[in-house]
1. Considering only residues that are assigned to a loop (DSSP other than H, G, I, E, B), at pLDDT below 90 and exposed (fewer than 12 other Cβ atoms within 10 Å of the Cβ), which ones fall in the range 194-216?
2. Determine which member of the set ARG112, ARG56, ARG88, ARG95 is of a type in the set (Lys, Arg) and in contact with a Phe, Trp or Tyr (Cβ under 6 Å, 6 or more places away or on another chain).
3. Kindly provide the set of residues from the range 49-66 that are surrounded by 13 or more Cβ atoms within 10 Å (Cβ to Cβ) and either acidic (Asp, Glu) or in contact with a strand residue (DSSP E or B) (Cβ under 6 Å, 6 or more places away or on another chain) (or both), ordered by number.
4. With the requirement that a residue be surrounded by 16 or more Cβ atoms within 10 Å (Cβ to Cβ) and under 22 Å from VAL39 (Cα atoms), what does the range 95-116 give you?
5. Given the options LEU164, LEU137, name the one that is at pLDDT 95 or above and of a type in the set (A, V, I, L, M, F, W, C).
6. Please go through the range 24-61 and give me each residue that is outside any loop (DSSP other than H, G, I, E, B) and touching a residue at least 40 places away in the same chain (Cβ under 8 Å), ordered by number.
7. Among the residues that make up the range 154-171, is at least one of them of a type outside the set (Asp, Glu), at negative phi, in the same structural domain as GLU190 (by TED's automatic domain parsing) and part of a helix (DSSP H, G or I)?
8. All but one of (1) surrounded by 18 or more Cβ atoms within 10 Å (Cβ to Cβ); (2) farther than 20 Å from LYS126 by Cβ; (3) not polar (S, T, N, Q) hold for ALA224, so report the exception by its number.
Amino acid sequence: MRYADLDPFRHVNNVRYIDFAFEAQGAMIDAGQLDGDAVIQCAAVEFLRPMLPSKRPVTVSSTFDGDVLTQEICSGTPEAWTVYAEVRTTFGPARMALSPHEGGTVFPLRLRRTDADGSGFVGVAKMFEIVQEGRNLFASSHRTAMTTGGVVMGRGEIIFGEPLPWRQEPYPVRTWVSRIGNGSVTIEAEIAEGDTVYVRSTSVQVGFDATTQKSRKFSEEEKAQFVPFSLPG
């Protein structure tokens, strides 16, 4: 674990769990346990509890069930593991065929050269960082609603369409709220141009009390502020 892995709450940033999981997948490829050319259709991460800075190593436990690889992000001792997150990667014969969404708020997002891997396309782990940047653009433009009280990521999922190539021109990122709950809000986003959808993401943001380090419910005023940005999923 590195200090650069931490978010403003001094928790491990949600995108770093994906880095941990795909670092382990790289080791599985090297060991011949995973096909390096396997097509990833979907990747999802479920956050179970915050991970704080520690000198203890992070351990990734990986198991296959058909086409789904489940990886638990753990720390502790073999006798007393603590599981902080679960990453599920679904493999298939081809990437998903997606239709573009309509509505929502569109922001231009410029890729960095380091966002692309050796193939010239954005890698799976890096894509989680890209869509997080899109959510941050969305939140900063609607600052009153998106920053009333603390929220943390509860669950994130990315469905992959066409490979996303690096280019100098910004890509349009379309973002909208698809569900408003008592203590969580679901934010969806996609990167698409014309009929080509590169990626679609779903993020469940959970109300969080930084003092108690526990989840909290939204007030009625908070929930009402999300309504103007709400569209069907």
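1. Once the filter is applied, which keeps residues that are assigned to a loop (DSSP other than H, G, I, E, B), at pLDDT below 90 and exposed (fewer than 12 other Cβ atoms within 10 Å of the Cβ), the range 194-216 yields THR211, THR212.
2. Sole residue among the options that is of a type in the set (Lys, Arg) and in contact with a Phe, Trp or Tyr (Cβ under 6 Å, 6 or more places away or on another chain): ARG95.
3. Listed by number, the residues that qualify are MET51, VAL58, THR59, VAL60, SER61, SER62.
4. Those that are surrounded by 16 or more Cβ atoms within 10 Å (Cβ to Cβ) and under 22 Å from VAL39 (Cα atoms): ARG95, MET96, LEU98, ASP115, ALA116.
5. Checking each option against the conditions leaves just LEU164.
6. Within the range 24-61, ALA24, GLN25, VAL39, ILE40, GLN41, CYS42, ALA43, ALA44, VAL45, GLU46, PHE47, VAL60 qualify.
7. Checked against the condition, which is being of a type outside the set (Asp, Glu), at negative phi, in the same structural domain as GLU190 (by TED's automatic domain parsing) and part of a helix (DSSP H, G or I), the range 154-171 yields no hits at all.
8. (1)
The values are calculated or read from the model by the stated rules, or taken from the named source; none is laboratory data. None of these values were measured; they are calculated from a predicted model. Note that we place each Cβ from the backbone using ideal geometry, even for glycine, and neighbour counts take in every protein chain shown.
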